[in-house]
Amino acid sequence: MKAAVLYEIHEPLRVVDLEIEDPKAGEVKVNVGAAGICLSDHHFMEGTGTTVRPVVLGHEGSGIVSEVGPGVTAVKPGDRCILSFVSHCGNCTMCQSGSPQLCLTNRATGVRQFDGTTRLKDGEGQAVHQLSKISVFAEQSIVPAQACHPVPADVPLEVAALIGCCVTTGVGAVINNPMMKAGATVAVFGVGGVGVNVIQGARLMNASRIIAVDIKREKLDFCKRFGATDFVDASKVDPVVAVRELTGGGVDMAFEVFGSGKTIAQCVDVLRPNGTAVMVGLAPEADRASLEVTGIVRNQKHLMGCYYGSASPHETFNKVLDFYQRGLIDISGQITRRYSLDQINEAFEDLVAGKAGRGVIAYS
Ligand code: APR
Ligand code: ZN
Ligand code: ZN
């Protein structure tokens with residue numbers, strides 16, 4: 001089967017034929033349905049995020065179960081699934097304390113399956129790893145059964161794919177945050193694939209203002225239909241000054257959805273006293289933020305990280321599916337570009353160029 005493999009950083013992904021094993025105990029083989037193009041994958045291509053190589057990237061995806069390994073009862077062949085990019089072991093302290101999105105065993109095993117071994121081989125017989133255990137930049141994948149979240153047959157596979165990362169990450173960051181109150185003022189720094197969904201989450205929570213901040217005009221124009229009420233072009237004005245002016249002194253909630261120390265500091269700076277800054281974007285691993293620390297203390301500001309929507313991904317998938325089916329959030333409208341797997345490098349060039357909306361790899 002065909003897959004896009006990262007062999008070296010700063011090099012294009014190579015679309016090659018790989019051998020795929022049968023699913024082992026607790027695993028599932030899927031025909032990948034669709035895969036979203038997310039900035040997190042690009043970090044691994046650039047070396048600003050580290051991973052074992054060679055590796056098949058792709059952590060935002062959906063699939064149809066083709067085969068189940070021994071002991072799998074949760075899904076069966078033919079099931080259409082959202083694929084979670086965090087599979088939970090159920091036994092570690094994070095899983096047991098109700099935070100399966102932070103599963104320690106998942107982290108420890110990383111780009112290998114839970115038993116610590118791999119399922120893919122290239123033409124030279126070299127083991128190929130799987131990003132997030134799901135590696136959806138491939139026609140087929142072996143995934144832990146825990147990654148699979150079945151959806152009704154009328155949910156398009158590309159919609160299910162986006163729920164796998166950007167929708168759940170973005171909407172979840174807002175609706176699962178205990179500091180988020182109805183009528184809050186909200187700023188969103190970075191209104192790309194994930195940021196648009198933070199905007200939709202803020203709309204669901206009846207935010208009174210949803211201020212979009214980005215450096216690309218195209219992105220600011222695009223996010224209006226998802227509920228943004230105000231627009232700040234950070235390439236032209238100081239976004240901290242602009243957001244503080246728009247709100248008469250600062251916002252209740254600021255979401256950082258680009259991933260950089262600089263924008264994280266800006267999110268803290270635009271808060272009104274008692275406000276909360278939520279870090280959603282993944283910055284380059286070496287990045288640091290310079291924070292005005294006395295301001296945080298005197299104004300009782302909060303700064304928190306948020307991974308995969310801050311809750312069990314499966315719980316948020318269910319909520320997001322319900323919002324989608326009731327027409328409360330728009331997912332199909334986020335997809336503006338479709339590519340074949342052979343066009344994957346072009347898909348990443350378009351992401352980095354700042355084209356609005358999400359790109360997806362569509363598999364037939
Ligand atoms: N200020 C505000 N916005 C910015 C800035 C800046 N200084 N620099 C870049 N941006 C905008 C980009 O123009 C883009 O619209 O941030 C947005 C990022 O969106 P995408 O490129 O679509 O990335 P996305 O897939 O949404 O990922 C966002 O979340 O999952 C993490 O690793 C991922 O860190 C990444 C973040
Ligand atoms: Zn992602
Ligand atoms: Zn665990």
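Derivation of every value follows stated rules applied to the coordinates shown; laboratory data play no part. Values in this document were obtained by computation on a predicted structure and should not be read as measured data. Note: ideal-geometry Cβ built from the backbone for every residue, glycine included; neighbour counts use all protein chains shown.
Quick notes on this structure:
- Net lengthening on full extension, Arg225/Val352 (0.36 nm per residue, minus Cα-Cα): 43.5 nm
- Near the amide H of Leu120, within less than 5 Å, lie the amide hydrogens of Val128, all on another chain or at least 5 residues away, with H placed in the peptide plane.
- Choice from Glu285, Glu67, Glu139 showing the highest fluctuation, given a GNM over the chain with Cα pairs closer than 10 Å: Glu285
- Taking Val257, Val188, Val16 in turn, the Gaussian network model of the chain (Cα-Cα springs below 10 Å) assigns the largest fluctuation to Val16.
- Choice from Ser135, Ser97, Ser40 with maximal GNM fluctuation in the chain (Cα, 10 Å cutoff): Ser97
- Once the C-beta distance of Glu218 and Met179 is scaled by a Förster radius of 45 Å, the resulting FRET efficiency is 0.90 to the nearest 0.05.
- Whole-angstrom gap from region 101-151 to region 252-325, using each part's C-alpha centre: 28
- Using a cutoff of 8 angstrom between alpha carbon atoms and counting only pairs six or more residues apart, the relative contact order for the chain works out to 18 percent.
- Mean separation of Cα contacts under 8 Å, 6 or more apart, over the residue count of region 85-205: relative contact order %: 18
- Here is the list for region 69-162: trypsin sites (Lys or Arg not before Pro) lying in DSSP coil, each with at most 16 other C-beta atoms within 10 angstrom of its C-beta, are Arg112.
- Region 277-313: trypsin sites (Lys or Arg not before Pro) falling in loop per DSSP and having at most 15 other Cβ within 10 Å: Arg288
- Of every Cα-Cα pair in the chain, the percent that sits beyond 27 Å: 44
- The Cβ shell under 13 Å around Thr51 holds other residues with a net charge of 0, Lys and Arg each +1, Asp and Glu each -1.
- Rg/Rh, computed from the Cα trace of region 178-305 with Rh as the Kirkwood radius, has the value 0.93.
- Rg ratio for region 91-150: its Cα radius of gyration over 2.2 N^0.38 Å, N being its residue count, equals 1.24.
- The mean sequence separation of alpha-carbon pairs under 8 Å and at least six residues apart, normalised by the residue count of region 1-117, gives a relative contact order of 21 percent.
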